[in-house]
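In what follows, a structure is listed as structure tokens, so that the remarks can point back to it.
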Amino acid sequence: MSNQIRNKLISLIEEEVETLWLDEKKTINEYPEYYLSVKVAEGIKTYFSSYSFTMEDRAIDLVSDLNAALRKDELDEINIEKQDERFRLKNGAVDLILKKKNKLRHLVEFKRASKLSSLMEDALRLAWFCCNAPLGHRAETNYLVVITHKSDVSLIKMIEKIENNLSEDIELPNVNVQSYSLNFPDDYFSTRRSVKRKNTKIVVVGRLIEFKYKEQ
């Protein structure tokens, strides 16, 4: 099912981007950051009728969802006080939470930032949920959508750095990182340009990054 979710996330993003470009001649970066997450959430709900979604849930509440699953399996619960602050579990919210029968399934974050530090913050939290979900739980797989003005080469390099950092993190064992291209129209140039670059065509690129726990 996670592969189906991943593929549908990709197609929904690509379809929305193309629709806005063809109908409005606007790129997704002209809209609020939450716009794409809403459209994707509605699309997932339409395609997978058994799925529901919530948005901007607090990370600490999602940890409670994991604890409920752990209790059901008679496993030790997660002590939030013992978790490293870099995972940002006590503050902040997750953009989109996919659920089934009102239970957590997958987390999806959306980023238009181009800084590695910003992407790494989300990557750490998503990877933490992958590692701390009960074995076989759907939340072993989570996603980060990145749309940026950086070149695809630069974006790939940042994703490689994220993968390397996670592979060296002893608190986040066995997290596999895969990225998938988001195919945008050939003439998809930013319609938001700085004064200094107003005559420059700036390509917009995107990738969906999948974080998945792999038992060794």
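Summary table
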quantity: Residue under evaluation Asp57, criteria (1) in contact (Cβ under 8 Å) with a residue 12 or more places away in the chain; (2) farther than 18 Å from Asn183 by Cβ; (3) in a helix (DSSP H, G or I), criterion not met; calculated: (3)
quantity: Within segment 13-41, tally of residues that are β-branched (Val, Ile, Thr), over 17 Å from Val205 (Cα atoms) and without any contact (Cβ under 8 Å) to a residue 40 or more places away in the chain; calculated: 1
quantity: From the options Asp73, Asp61, residue that is under 20 Å from the mean Cα position of the chain (by Cα) and either of a type outside the set (Phe, Trp, Tyr) or within 23 Å of Ser118 (Cβ to Cβ) (or both); calculated: Asp61
quantity: Count of segment 140-193 residues which are part of a loop (DSSP other than H, G, I, E, B) and β-branched (Val, Ile, Thr); calculated: 2
quantity: Only one of Asn142, Asn132 that is under 23 Å from Met158 (Cα atoms) and either modelled with pLDDT under 95 or of a type outside the set (Gly, Ala, Ser) (or both); calculated: Asn142
quantity: Test: residue in segment 71-84 that is of a type in the set (D, E, K, R), closer than 30 Å to Val204 by Cβ and out of contact with any Cys (no Cβ under 6 Å at 6 or more places or on another chain); calculated: no
quantity: Test: residue in segment 97-119 that is among the basic types (Lys, Arg), in a loop (DSSP other than H, G, I, E, B), out of contact with any strand residue (DSSP E or B) (no Cβ under 8 Å at 6 or more places or on another chain) and loosely packed, with under 15 Cβ neighbours inside 10 Å; calculated: yes
quantity: Check on Ile44, more than 24 Å from Tyr188 (Cα to Cα), touching a residue at least 40 places away in the same chain (Cβ under 8 Å) and β-branched (Val, Ile, Thr); calculated: yes
quantity: Any chance Asn29 is over 30 Å from Met158 (Cα atoms), part of a helix (DSSP H, G or I) and not acidic (Asp, Glu); calculated: no
quantity: Segment 65-96 - residue that is touching a residue at least 60 places away in the same chain (Cβ under 8 Å), outside any loop (DSSP other than H, G, I, E, B) and in contact with an Asp or Glu (Cβ under 7 Å, 6 or more places away or on another chain) and, of those, surrounded by the most Cβ atoms within 10 Å (Cβ to Cβ); calculated: Asp95
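The values are calculated or read from the model by the stated rules, or taken from the named source; none is laboratory data. Quantities reported herein were computed from a predicted structural model and do not represent experimental measurements. Note: ideal-geometry Cβ built from the backbone for every residue, glycine included; neighbour counts use all protein chains shown.
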